[in-house]
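A.B. asks: Here it is: the structure, laid out below.
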Amino acid sequence: MSYQVLARKWRPQTFAEIVGQGATAETLKNAISQNRIAHAYLFAGARGVGKTTTARILAKALNCRQGPTVNPCNDCASCREVTSGQSIDVLEIDAASNRGIDEIRELRESVRYRAARDRYKVFIIDEVHMLTTEAFNALLKTLEEPPEHVVFILATTELHKVPGTILSRCQHFNFRAINYREILERLALIANEEQVRIGERALSAIARASEGSLRDGESLLDQAISLCGKEVKEEQVRDLLGVVPQQLLEDVADAVIARDSKQVLALVNQVLISGRNPQQLVRELMGHFRNLLMVKIGGKDSQLVSAPSEELARLQTVSAQLSEEDLTRFFQILVATDGDLRGSAHPRLHLELGLVRMVQARRLAALEELLAAFSGDSTPGTPEPPAKDGPPPSAPSPSPAVFQDSGPPAPAVAGTGLDSICEAVSKESPIAASMLGQALEAVVAGDELRVRFAAGQHGSCELLKTPENLEVIARASARLEGRPLKVSLLVDEEQPSPVAPPPAEVPPPTEVMPPPEDEIERQESKRILEDRRVQSFLEVFQVQEKPAVRKLK
C-alpha cells in the first residue's frame with residue numbers, strides 16, 4: 001500500500017474529531033437530528049481549517065446507511081466512498097479549474113436527476129469565489145429552488161468575492177483560525193500515535209509556523225519526520241522551518257531590557273551570518289514580545305500565550321521587568337520595522353536601526369508621568385506673597401538624606417560621577433534621571449554624595465527632593481559605590497546684581513493714570529514665567545528661548 005501523508009491519514013472522519021470548529025459542528029449536528037437540513041451551505045475561512053473536511057462529514061451524515069445521523073458509521077459503502085472521494089452521489093467540484101458558465105450548465109443538468117443510490121445528491125464546490133460572474137448568475141436560480149434531493153455545500157477562502165445574491169441563498173458558517181493550543185495538542189496526539197519522539201519546543205515551533213492552519217501543521221510535522229526519522233530534534237526543526245532559535249530571541253530581549261546596544265547589534269550580526277532572513281527575525285521577535293505582553297496582562301496560564309509550558313516561567317520573569325507601556329512601544333517599533341523591511345534595498349540597516357530604537361525606547365519617560373512631577377501648591381500666574389515684616393526668602397538650603405540599599409552591596413566602582421549616577425537612576429526612574437541630568441556635577445566626598453545645580457535651577461532641585469526620588473538616587477549610588485551614602489542636593493548661590501544709583505527726584509504727577517493694557521499683560525506674563533513650576537518645566541525640558549505667554553479669549 002502506498003504511503004499516505006499525515007494530513008490525509010489523520011483527516012477527521014466524524015463531527016467529534018473536528019478540531020477548533022465546535023460551534024459549526026454542533027449547529028450541523030442539531031440540524032441533522034432535528035431534520036432541519038438546508039438546501040445550501042456556505043463554509044468560509046482560511047486554508048487548512050476544516051471546510052472541505054466538514055463538508056465531507058456532512059455528506060456522510062446525510063447519506064450513511066444508518067442516517068441521516070450525527071454519527072456516520074464510516075463502514076457502509078456510502079461512507080467509505082465519500083472518504084475515498086469515489087462516491088457518484090457526492091460530487092466535489094474545484095471552482096478554480098471549472099469556473100466557466102459551461103461547467104455550471106452541466107451541473108444544472110446533473111441536478112435534475114436523483115441520486116443513484118443515496119438519499120441526497122451532494123455538490124461540494126470548493127473555492128467557489130473563483131466562478132465567473134456569468135457562472136454565478138447561472139447557479140443562482142438552482143441555489144434558490146433546488147430539488148429536494150440536492151444539497152449544495154460551497155467553500156471559500158475569500159468570502160468578500162462571493163456575490164451577495166449567492167450569500168443570501170445559503171446558510172453561512174465562518175470557520176475560524178485554529179488556535180495555537182489546539183494545533184499543539186493535535187500534533188502531539190499524531191506524533192504519539194505515529195511513535196515519533198519529539199519535544200514540546202519542536203512541536204511549538206511547528207504549531208506557531210502553521211499560523212492557524214492545522215493542515216499546514218500536519219504537513220510540517222510530516223516534513224520534519226522525513227528529515228529526522230523517529231526522533232525529531234528542536235534544532236533540526238528550526239533549521240527546516242528557517243526560524244530563529246528561541247534562545248537567541250531571549251538574548252535579544254535581554255539585551256534590549258539591559259539597554260545594551262552593542263550586544264543587540266552583535267546578535268543581529270549572528271543571525272545574518274547564519275543566513276536567516278532579517279524579516280523572519282523581526283516577525284519572530286513580534287511573536288516573542290507579544291507573548292511577553294500577554295503574560296504581563298493575563299498571567300502565564302493565559303490561553304493567549306503561544307509558547308510551550310516550559311517557557312512560561314521564563315516569560316513571566318522577563319515580563320515582570322517591563323511595563324505594559326514598554327511592551328506596547330516595542331511592538332509598535334517592530335511593526336514599523338517589518339514594514340520598512342518590505343522591498344528594502346538595505347534590510348540590515350533597517351533591522352539594526354529598529355532594534356537600536358527599541359533600546360533607546362526604554363530610556364523614554366511617559367509624558368503624562370513627567371508632567372505629573374510638576375505639581376505644587378501655587379497656581380501659575382499667582383505669585384507667592386512675601387512674608388510681612390520679614391527678610392526676603394533665601395535660596396533653598398541643602399536637603400541631606402541617607403538611605404540604605406536593600407540588596408547586598410555591590411563591588412565599589414571607582415570614578416562615580418554624574419553620568420554613571422544618571423545611568424543607574426534611569427533604570428528605576430527615567431524622570432528622576434532626566435532632572436538629575438540638569439545638575440553640574442555629582443561627587444562623592446566621604447560618606448556623602450553631593451549633587452550640585454547651577455544658580456537658577458531651583459526647580460529641578462526641588463523636584464528631586466521628594467522622598468521617592470531621593471531614595472532612588474541613594475539606591476543607585478549605593479550600588480555604584482558598594483556602601484550607603486548620604487545624598488545632598490545643593491544649588492549655587494546667585495550673584496547679587498549691581499546696585500543701581502537712586503533715580504533723580506521727579507516731582508509727582510498731578511494725576512495718576514491707570515497703566516495701559518499692554519503693561520498689564522506684560523506684568524501678568526512676567527508673573528507666570530516666574531512661577532516655580534513653570535521654571536521647573538522649562539529647566540527639565542531644556543527650553544532655551546523665553547516662551548511667549550498668550551491670554552486665551
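A.B. asks: Count, please, the residues in segment 324-334 that happen to be without any contact (Cβ under 8 Å) to a residue 40 or more places away in the chain and under 11 Å from ILE257 (Cα atoms).
C.D. replies: 2
A.B. asks: Restricting to helices (runs of 4 or more DSSP H) lying wholly in segment 212-261: which have 2 or more residues that are within 30 Å of GLN360 (Cβ to Cβ)?
C.D. replies: Helices (runs of 4 or more DSSP H) meeting the threshold: 246-257.
A.B. asks: Can you find a residue in segment 434-442 that is buried (at least 20 other Cβ atoms within 10 Å of the Cβ) and more than 16 Å from ASP492 (Cα to Cα)?
C.D. replies: Checked against the condition, which is being buried (at least 20 other Cβ atoms within 10 Å of the Cβ) and more than 16 Å from ASP492 (Cα to Cα), segment 434-442 yields at least one hit.
A.B. asks: Among the residues of segment 209-260, write down those that are basic (Lys, Arg) and in contact (Cβ under 8 Å) with a residue 60 or more places away in the chain. Outline the logic, then answer.
C.D. replies: Filtering segment 209-260 down to residues basic (Lys, Arg) leaves 215, 230, 233, 238, 259.
Matches in segment 209-260: ARG215, ARG259.
A.B. asks: What is the residue count in segment 31-76 for residues that are of a type outside the set (Asp, Glu), over 23 Å from GLU144 (Cα atoms), free of Cβ contacts under 8 Å to residues at least 40 places away in the same chain and surrounded by fewer than 20 Cβ atoms within 10 Å (Cβ to Cβ)?
C.D. replies: 6
A.B. asks: Could you list, in sequence order, the residues of segment 141-166 that are farther than 16 Å from GLU109 by Cβ and assigned to a helix (DSSP H, G or I)?
C.D. replies: Correct list: GLU144, LEU159, HIS160, LYS161, GLY164, THR165, ILE166.
A.B. asks: Suppose we keep only residues that are outside any helix (DSSP H, G or I) and surrounded by fewer than 18 Cβ atoms within 10 Å (Cβ to Cβ) within segment 99-118. Which one would you say is nearest to the chain's Cα centre (by Cα)? Give the steps one after another, and end with the answer.
C.D. replies: Filtering segment 99-118 down to residues outside any helix (DSSP H, G or I) leaves 99-100, 112-118.
Remaining after also requiring surrounded by fewer than 18 Cβ atoms within 10 Å (Cβ to Cβ): 100, 112-117.
On the way: GLY100: 44, ARG112: 54, TYR113: 55, ARG114: 54, ALA115: 52, ALA116: 55, ARG117: 54 Å.
Among them, the one singled out is GLY100.
A.B. asks: Can you tell me which residue within segment 176-204, out of those that are in contact with a strand residue (DSSP E or B) (Cβ under 7 Å, 6 or more places away or on another chain) and either touching a residue at least 60 places away in the same chain (Cβ under 8 Å) or farther than 21 Å from GLU17 by Cα (or both), is most open to solvent (accessible area, probe 1.4 Å)?
C.D. replies: So, considering only residues that are in contact with a strand residue (DSSP E or B) (Cβ under 7 Å, 6 or more places away or on another chain) and either touching a residue at least 60 places away in the same chain (Cβ under 8 Å) or farther than 21 Å from GLU17 by Cα (or both), the one most open to solvent (accessible area, probe 1.4 Å) is ARG197.
A.B. asks: Taking segment 129-154, which residues are surrounded by 16 or more Cβ atoms within 10 Å (Cβ to Cβ) and of a type in the set (Val, Ile, Thr)?
C.D. replies: If the condition is that a residue be surrounded by 16 or more Cβ atoms within 10 Å (Cβ to Cβ) and of a type in the set (Val, Ile, Thr), then THR142, VAL150, VAL151, ILE153 are the ones that fit.
A.B. asks: Going through LYS486, LYS465, LYS546 one at a time, which residue ends up being modelled with pLDDT under 75, of a type in the set (Lys, Arg) and surrounded by fewer than 19 Cβ atoms within 10 Å (Cβ to Cβ)?
C.D. replies: Exactly one residue qualifies, and that residue is LYS546.
A.B. asks: Among the residues of segment 239-285, what is the count of those that are surrounded by 20 or more Cβ atoms within 10 Å (Cβ to Cβ) and of a type in the set (D, E, K, R)?
C.D. replies: 1
A.B. asks: Between a first residue in segment 335-361 that is without any contact (Cβ under 8 Å) to a residue 40 or more places away in the chain and hydrophobic (A, V, I, L, M, F, W, C) and a second residue that is open to solvent by less than 30 Å² (accessible area, probe 1.4 Å) and in a helix (DSSP H, G or I), which pairs have beta carbons less than 9 Å apart while being 6 or more apart in sequence or on different chains?
C.D. replies: Within 9 Å, the pairs are ALA336/GLY354; LEU353/THR337; ALA361/VAL256; ALA361/ASP326; ALA361/PHE330; ALA361/ILE333.
The values are calculated or read from the model by the stated rules, or taken from the named source; none is laboratory data. Computed from a predicted structure; not experimentally measured. So basically every Cβ, Gly included, is an ideal-geometry build from the backbone, and we count neighbours across all protein chains shown. With ligands, DNA and RNA removed, areas are computed over all heavy atoms of the protein, side chains included. Shrake-Rupley method; radii C 1.70, N 1.55, O 1.52, S 1.80 Å.
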